[in-house]
Amino acid sequence: MLNRNQAPPYQTMRHLQIPRLQTHTLSNDIKVHTLNTGVQEVFKMEVVFGAGSCYESVPGISYFTVKMLAEGTHYRSALQINEYIDGLGGFSEFNHGTERISVALFGLSRHLPAFFELLREILLEPSFPEQELVQIKKLAQQNLAINLEKNAFLASKKFRELIFGENHPYARHLSQPLIDQTQRANIAQHYNTHIFQQPFDLILVGSFAENDLRQILLQLEQWPIAKNDAAASLDLASQPSAEKNFLLSRPDKLQSSLRLGCPLFSKSHPDYLGLSLLNEIFGGYYGSRLMKNIREQKGYTYGIYANLAALRRGGYWIIGTDVKKEFTAQTLQEIHYEARKLRDEKIGQDELQTVRNYMMGSLAGSLNTPFELAEIFKSVYFHDLGYEFYDHYIEAIHQLSPAQLQAIAQEYLLSEDFWEVVVGEK
Amino acid sequence: MIDYEHFTLANGLQVFIHADPTTPMAAMNVAYRVGSKNEDEEKTGFAHLFEHLMFRGSRHIANYDRPLQTVGGENNAYTSADLTNYHLSLPAANLETAFWLESDRMLALDFQEEKLEAEKRVVIEEFKQNYLNQPYGDAWLRLHPLAYKVHPYRWATIGKDPSHIARATLADVEDFFFRYYRPNNASLVVAGNLSRVQVEDLAQKWFGDIPAGASEKQDIPSEPPQTEARIDEVRADVPMEVLYMAFHMAGRAETAYYLGDLLSDVLGRERSSRLYRRLVKDTQLCAAVKAYVSGAADPGLLVIQAYAHVGQDLLAIEQEIWQVIEDLKQQPVAENELKKVQNKAESTVLFNEVELLNRSTRLAYFASLGQPRLINQETHLIQAITPQQLQNTAREILREENVSKLYYRKK
């Protein structure tokens, strides 16, 4: 007779093999990171430049620069670029962040050379047509107007302003006047200073012909590079707001968006790994204390999370949720209650073991496609770390004791001192 | 291409196996053939509420998530109008835990008033967060009842109104469970680093003794052909006005579905599509436009959604859209334009099959549709479409009498 009360035996994962990307450094300082793997005949090719909002001389300009890269070259209009990508069954992504901007192309393996040709044109010979900029600005205005209607958007934006200071690059966001003031000349300048002839990283993963890669490397070797070191003069000193509580009253909305947290540090800080584990227990996964209490037991919210946001030169801790308006104050109380409990009481072995196994399984589950392996690589490389970060991570997951976690909570999880944003009603 | 094998247990549970020895992981999907279309019109939103309750403990296992997390697994679920699908992934070495967990909640749930009440509150917050507290969040709450008058697609999966969810009782929950959550109404897909023999043994061991349910066939009324245009208007505090146009088209398992799908791609999938060029680039009436299909199992919808630039009139936009449609009816699309959307559709399938859990979930979807073989035929069906067929489809679907229009305007 089958005993359904008894869980089947299981194995605990203590080690993981992470397939690594290979780095080729070319004579002109361009770095190419590749991993040729995968069952499906598809690839992702991404170029990354240190040209994000930290490096802007005009606020907001890095966003427009990356968006405008695909809006025209000396040989092709925006429409022709789109037709080219669509005709080959490909996809493109243009991303923009505080540190970096990136252009990613996805396609069928047999079309890799054709995509590289387009990439070359976009990066070396963009034309930034004025009429496309008009449209992009209009679109940015309208997207912003929609976002400004969303409590969650307003809350996250305000939160970063509080912990970094309003004009800090990590808190920077587009505003209506900034969009209006954007000029083609500023875009060209941002491009000329931070993209054109600057060393960059190219990441190629998926399945591809080795000969196609060789051709790409040969071509890249010929690209002119003349490095200007913008990073050296960067000032990222933050000025957190003295006033820690912020309420934006929106009585017409059904829910309140809450954000709580504090500035922290980058991934290379010695306490980062311990905090990762503590954060997971607190609010990092579905079985976390916050989810159990505030969603499962109380039903105040559809979801609540806690997240360690690691930036290259800094970071922050953020707890966020959208709750039924009437329960805003109770939710805040419960968050403080759960934080206090982690400071006052040691975590039980059972719960700790569950989180450990969950984190290991979650990591193992994020290593299964070439695209995921590229993300793992980026998660260390762009934080000035190597793959050994994950060795330490796995070790920390297994080694940290309840007493050590409690000490970390006592040092950092001081939720009563956190900055707090409420958009809605309190 | 997804290789799979299939067998059926004596209680009617359909089992599909997709082996992939290149990964250390495994994935499991359990798809129940029940969705919001099976609901009582006075108790809508129930199938989705029920999905939440499936995580509140089963007869022998007090908590579903914890044991899965303990063996390094992750899970989630979704409910649509047609099915409710539960999916998880975990290290393949711990596959049996997935069988233990999924079979116990198919056997029986731990029905309790208190759990139901807490989950009702969560779902009502989800309703508010995603449908009532978002700009345009209620558009589909309006479009469903506009486009469908008879078929239960006339309400959204989240439900007509939060009050329906608040009314759900424990008796409803038990009734729903024993009616729909039976092995003969489900498909089990197991994928990853595993063998057929192993899956056969585990399926028999854990699911074999779950009794089948009565296989009563529920009659879902079909939607009669629409005979005149339908119009609805919302005035809300939104930054830009939006026009929605929904046309009836074929259901997911019909070959004609792919014609509607490809037609929507020609119209408005990408930035090189016809509507994008006309509305965003040439006339600059719109900030964005897209066309897509609902992909429902029973006859579904082809939807055009146009976001007006501030100050532009929705009626002028609509007129342009009708002209683009007229062109498609008059002239067959050029071969290279067709090739473009076909290539895109093919690569979309390929990219969707990169991840193990996606493959497993896709297989569960087609199995639940009753058409598992379609999963590997899709690309061929799409490649075989001709310009003439697309032209005929445009003439058939994109008619004034077949449209439901929602004008989402500023207050």
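In percent, rounded to a whole number, the relative contact order of chain A is 22, using alpha-carbon pairs under 8 Å and six or more apart. Rounded to the nearest Hz, the phi-derived 3J(HN,Hα) couplings of region A:365-380 under the Karplus curve 6.51 cos²θ - 1.76 cosθ + 1.60 (θ = phi - 60°) are x, 9, 10, 9, 10, x, 5, 5, 5, 5, 5, 4, 4, 4, 5, 9, where x marks glycine and proline.
Taking amide hydrogens as placed 1.01 Å from N in the peptide plane, the amide H of B:Val234 sits under 5 Å from those of B:Tyr407, B:Tyr408, B:Arg409, each at least 5 positions away in sequence or on another chain. Its relative contact order, with pairs defined as Cα atoms under 8 Å and 6+ residues apart, puts region B:230-410 at 38 percent.
Taking the number of Cβ atoms within 10 Å of each Cβ as an exposure proxy, the fewest-first ranking of B:Arg277, A:Arg259, B:Arg167 is B:Arg167, B:Arg277, A:Arg259.
Reported value for region A:22-221: 138 Å³ per residue, from the convex hull of its C-alpha atoms. The dipole here belongs to the protein assembly as shown: it is taken about the Cα centre, uses +1 on the Cβ of Lys and Arg and -1 on the Cβ of Asp and Glu, and is about 700 debye.
For region A:406-421, the Karplus equation 6.51 cos²θ - 1.76 cosθ + 1.60, evaluated at θ = phi - 60°, returns couplings of 5, 4, 5, 4, 5, 7, 10, 7, 9, 4, 5, 8, 6, 6, 9, 10 Hz by residue, with Gly and Pro reported as x. Computed per residue of chain B from DSSP H runs no shorter than four, each worth -39500 (n - 2.57), the mean residue ellipticity at 222 nm is -11500 deg cm²/dmol. Of the residues A:Tyr305, B:Tyr32, the one with the fewest other Cβ atoms within 10 Å heads the list, and the complete ranking is A:Tyr305, B:Tyr32. Counting only residues 5 or more places away or on other chains, whose amide H sits under 5 Å from the amide H of A:His383 once H atoms are built in the peptide plane? Under 5 Å from the amide H of A:His383 lies no amide H from a residue far enough along the sequence or on another chain.
Note on B:Lys405: lysines with a C-alpha under 28 Å away, same-chain residues under 8 apart excluded, are A:Lys138, A:Lys150, A:Lys253, B:Lys37, B:Lys43, B:Lys128, B:Lys149, B:Lys160, B:Lys281, B:Lys290, B:Lys329.
Sorting check: for B:92-101, A:82-91, which peptide has the highest mean count of neighbouring beta carbons within 10 Å, and how do the rest follow? Kindly include the intermediate steps, with their values, before the conclusion.
Details: B:92-101: 22.3, A:82-91: 20.6.
Listed from highest to lowest mean packing, they are B:92-101, A:82-91.
Of the cross-linked pairs A:Lys44/B:Lys340; A:Lys137/A:Lys378; A:Lys267/A:Lys324, which ones have a Cα-Cα span greater than 27 Å in the structure shown? Result: A:Lys137/A:Lys378; A:Lys267/A:Lys324 exceed 27 Å. Ignoring lysines fewer than eight residues from B:Lys115 along the same chain, the ones with Cα atoms less than 18 angstrom from its Cα are A:Lys292, A:Lys298.
Just checking the listed ones, A:Phe327, A:Phe164, A:Phe282: in the Gaussian network model of chain A with Cα springs under 10 Å, the one fluctuating most is A:Phe327.
Computing Rg and the Kirkwood Rh from the Cα coordinates of region B:287-411 gives a ratio, Rg/Rh, of 1.02.
About the Cα centre, and with charges only on the beta carbon of Lys, Arg (+1) and Asp, Glu (-1), how big is the dipole of region A:310-426? Nearest 20 debye, please. Numbers along the way, then the final one.
Details: 11 positive and 19 negative charges, 29 e Å.
Taking the Cα centre of region A:310-426 as origin, the dipole is about 140 debye.
Farthest towards the positive end of the charge dipole of chain B, among the residues B:Leu390, B:Phe178, B:Pro221, is the Cα of B:Leu390, using unit charges on the Cβ of Lys, Arg, Asp and Glu.
Per residue of chain A, the DSSP helices (runs of n ≥ 4 H) give a summed -39500 (n - 2.57) that works out to -12000 deg cm²/dmol at 222 nm. With θ taken as phi - 60° and the Karplus curve 6.51 cos²θ - 1.76 cosθ + 1.60 applied, the whole-hertz 3J(HN,Hα) list for region A:95-112 is 10, 9, x, 5, 9, 10, 10, 8, 10, 10, 10, 10, x, 7, 3, 5, 9, 3 Hz, x standing for glycine and proline. Here the scattering of the protein assembly as shown is modelled by Debye summation over its C-alpha atoms, one equal scatterer each and no solvent; at q = 0.06 Å⁻¹ the log10 of I(q)/I(0) is -0.41.
Using the Cα centre as the reference, give the magnitude of the dipole from point charges on the C-beta atoms of chain B (Lys, Arg: +1; Asp, Glu: -1; all else neutral), rounded to the nearest 20 debye.
On the way: 44 positive and 57 negative charges, 152 e Å.
With Lys and Arg at +1 and Asp and Glu at -1, about 740 debye.
Under a Gaussian network description of chain B, with springs only between Cα atoms under 10 Å, the residue in B:Val150, B:Val333, B:Val266 that fluctuates furthest is B:Val150. The distance separating the Cα centre of region B:12-50 from that of region B:85-120 comes to 12 Å. Taken over the alpha carbons of chain A as equal point scatterers, the Debye sum produces base-10 log I(q)/I(0) values at 0.08, 0.09, 0.11, 0.13 Å⁻¹ of -0.54, -0.68, -1.00, -1.29. Among B:Arg274, B:Arg66, B:Arg230, the largest mean-square fluctuation in a Gaussian network model of chain B, built with springs joining Cα atoms closer than 10 Å, belongs to B:Arg66.
So for region B:5-207, averaging the separation of alpha carbon pairs under 8 Å that are six or more residues apart and normalising by length, what relative contact order in percent results?
Numbers: 353 pairs, mean separation 80.2, N = 203.
Worked out over region B:5-207, it gives 40 percent.
Only the coordinates and a few stated rules stand behind these numbers; no lab work does. All of these numbers come straight from a predicted model, not from anything done at the bench. Neighbour counts are summed over all protein chains in view; Cβ atoms, including those assigned to glycine, are modelled from backbone coordinates with ideal geometry.
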